[in-house]
1. Select the strands (runs of 3 or more DSSP E) contained entirely in region 1-98, then report the ones holding at least 2 residues which are at pLDDT 90 or above, under 27 Å from Gly185 (Cα atoms) and in contact with a strand residue (DSSP E or B) (Cβ under 9 Å, 6 or more places away or on another chain).
2. Evaluate the following for Trp191: is it closer than 27 Å to Cys63 by Cα, among the hydrophobic types (A, V, I, L, M, F, W, C), crowded, with 16+ Cβ neighbours inside 10 Å and in the same structural domain as Arg86 (by TED's automatic domain parsing)?
3. From Val239, Val189, which residue is of a type in the set (Val, Ile, Thr) and modelled with pLDDT of 95 or more?
4. Evaluate region 53-73: report whether one residue or more is touching a helix residue (DSSP H, G or I) at 6+ places or on another chain (Cβ under 9 Å), farther than 20 Å from Arg214 by Cα and outside the structural domain of Ser16 (by TED's automatic domain parsing).
Amino acid sequence: MNARGMSVVNFYVTASYPCSYLPGRMARSQVAITRAGIGAGLYDQLLQHGFRRSGSSVYRPRCDQCQACVPVRLRVADFRPNRTQRRVWRRRADVTVSMQRPDFEASHFDLYRRYQASRHAGGGMDQDNQEQYREFLMASEVDTRLAVFQRQQTLYMVSLIDVVSDGLSAVYTFFDPAAEHDSPGVLNVLWQIDLTRQLGLPYLYLGYWIAESRKMAYKQQYQPLEVWLDGAWREWQAVQQ
């Protein structure tokens with residue numbers, strides 16, 4: 001981040017809280033704040049330095065004795081799908097996608113609640129009310145879109161995406177739990193890769209890769225990945241050696 005960007009940002013580290021991904025561990029986050037809020041230009045810089053967005057909060061892990069959360073981004077021009085990914089992509093014929101503003105819709109909230117109850121029961125988010133849902137997904141000070149997927153004219157999946165200067169950032173996705181056998185998560189990533197290419201942008205930011213977490217380790221299936229490590233973006237394959 002350049003000196004100008006640093007001069008307008010304050011950082012604070014949260015108190016410890018139970019890790020959402022690795023049971024039995026405690027986590028902390030470094031949060032970026034400014035008086036005027038974090039707009040698009042500053043958010044771009046922070047994203048490029050391993051930060052993520054959740055609602056109006058922009059943060060990155062800052063755990064005391066753990067570095068399991070690794071920021072990753074995909075170089076979309078060089079991505080080549082594997083056999084499973086090609087099969088999922090071919091099955092998209094009956095899926096339509098519309099881009100919308102991040103506004104509240106009751107049908108989206110109902111899908112979100114069903115997704116949380118199925119995938120994250122007991123994690124707290126399965127009890128989110130409308131206000132918490134709005135704060136988590138609708139609050140944004142940057143260029144944010146909702147990609148709404150329908151399969152045979154039925155709501156199938158919703159994906160929250162930020163458009164940044166050098167790519168797209170995948171913020172959060174939820175889908176119909178009954179359709180899990182169709183690999184909607186894979187379809188979503190492939191669709192985001194395709195959109196990033198159409199926009200002529202180089203990167204799809206995929207958040208944090210966590211090798212020990214089944215929910216987060218899947219990101220290594222999309223190559224070539226770059227990881228934010230020791231203050232620079234590096235080839236994922238190189239750091240695995």
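The values are calculated or read from the model by the stated rules, or taken from the named source; none is laboratory data. Given the structure is predicted, the values throughout are model-derived calculations rather than measurements. Positions of Cβ are generated from backbone atoms using ideal geometry, with glycine treated the same way; all protein chains shown enter the neighbour counts.
1. Numbers: elements: 10-13, 29-33, 52-54, 57-61, 70-75.
Qualifying strands (runs of 3 or more DSSP E): 52-54, 57-61, 70-75.
2. Judged against the criteria, Trp191 is not a match.
3. Numbers: Val239 fails: modelled with pLDDT of 95 or more.
After applying the criteria, what remains is Val189.
4. Scanning region 53-73 turns up no residue that is touching a helix residue (DSSP H, G or I) at 6+ places or on another chain (Cβ under 9 Å), farther than 20 Å from Arg214 by Cα and outside the structural domain of Ser16 (by TED's automatic domain parsing).
Residue-wise test of (1) aromatic (Phe, Trp, Tyr); (2) buried (at least 20 other Cβ atoms within 10 Å of the Cβ); (3) under 23 Å from Val142 (Cβ atoms).
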residue	(1), (2), (3)
Pro184	no, yes, no
Arg197	no, no, yes
Gln223	no, no, no
Asp230	no, no, no
